[in-house]
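Below: one structure, written as structure tokens.
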Amino acid sequence: MEKIKKFVKTEVKICVAVFIVLLIFFFVFLFANLDFSLFYLSLEIVTFCLLIYLFICWVTFKKKENLQEQVNQLLIENRQLKNTIDIERKDLEEYFLLWVHQIKTPITVSDLILQKEKILIRVN
């Protein structure tokens, strides 16, 4: 129902324009004393053309609405994926920081042991 209201708001200008044109036709036929059967025929033709136009616009409007919904869903999915990537990147960074910290300890101990051996060799 909301889509119909939105569609009608977009197409109200064309409907008012067609109504004004038909009103002008009516007054022309009335003041010129023309046969009103021709006015009814023109009224039917204009109304038929208006209905065809509105049908085409409705189909186009629905396609645009569906595409807009898809775009919104893709934007939401994109944000979720970006958040997931950020979280994974942060986890990976924390892992490497921890790994670097953990590997520094054995290297330092090894270096100290080697230095101690060098000092012991020099002293003897």
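The values are calculated or read from the model by the stated rules, or taken from the named source; none is laboratory data. Every value quoted in this text rests on a predicted model; they were computed, and no experiment measured them. Cβ atoms come from the backbone with ideal geometry, glycine included; neighbour counts cover every protein chain shown. Accessible surface areas use protein heavy atoms only, side chains included; no ligands, DNA or RNA. Shrake-Rupley method; radii C 1.70, N 1.55, O 1.52, S 1.80 Å.
Among the candidates GLN115, GLN80, the residue that is of a type outside the set (A, V, I, L, M), over 30 Å from LYS3 (Cβ atoms) and either part of a helix (DSSP H, G or I) or open to solvent by 90 Å² or more (accessible area, probe 1.4 Å) (or both) is uniquely GLN115. Figure legend. Inter-residue proximity from segment 70-85: first residues free of Cβ contacts under 8 Å to residues at least 12 places away in the same chain, second residues assigned to a helix (DSSP H, G or I), beta-carbon distance below 7 Å, spacing 6+ or different chains. No pairs are indicated. Checking each residue in segment 30-47 for being surrounded by fewer than 11 Cβ atoms within 10 Å (Cβ to Cβ) and under 45 Å from the mean Cα position of the chain (by Cα) picks out GLU44, ILE45.
Give ILE85, ILE103 a once-over and let me know the one that is at pLDDT 95 or above, open to solvent by less than 90 Å² (accessible area, probe 1.4 Å) and assigned to a helix (DSSP H, G or I). Give the derivation first.
Values: ILE103 fails: at pLDDT 95 or above.
Step by step, each of ILE85, ILE103 is checked, and only ILE85 is at pLDDT 95 or above, open to solvent by less than 90 Å² (accessible area, probe 1.4 Å) and assigned to a helix (DSSP H, G or I).
Being surrounded by 10 or more Cβ atoms within 10 Å (Cβ to Cβ), within 30 Å of MET1 (Cβ to Cβ) and at pLDDT below 95 is true of GLU65.
The test for being more than 19 Å from the chain's Cα centre (by Cα), of a type in the set (A, V, I, L, M) and at pLDDT 95 or above holds for ILE52. Going by the conditions given, is PHE48 among the aromatic types (Phe, Trp, Tyr), within 25 Å of LYS63 (Cβ to Cβ), out of contact with any Lys or Arg (no Cβ under 7 Å at 6 or more places or on another chain) and without any contact (Cβ under 8 Å) to a residue 40 or more places away in the chain? Spelling it out, PHE48 is indeed among the aromatic types (Phe, Trp, Tyr), within 25 Å of LYS63 (Cβ to Cβ), out of contact with any Lys or Arg (no Cβ under 7 Å at 6 or more places or on another chain) and without any contact (Cβ under 8 Å) to a residue 40 or more places away in the chain.
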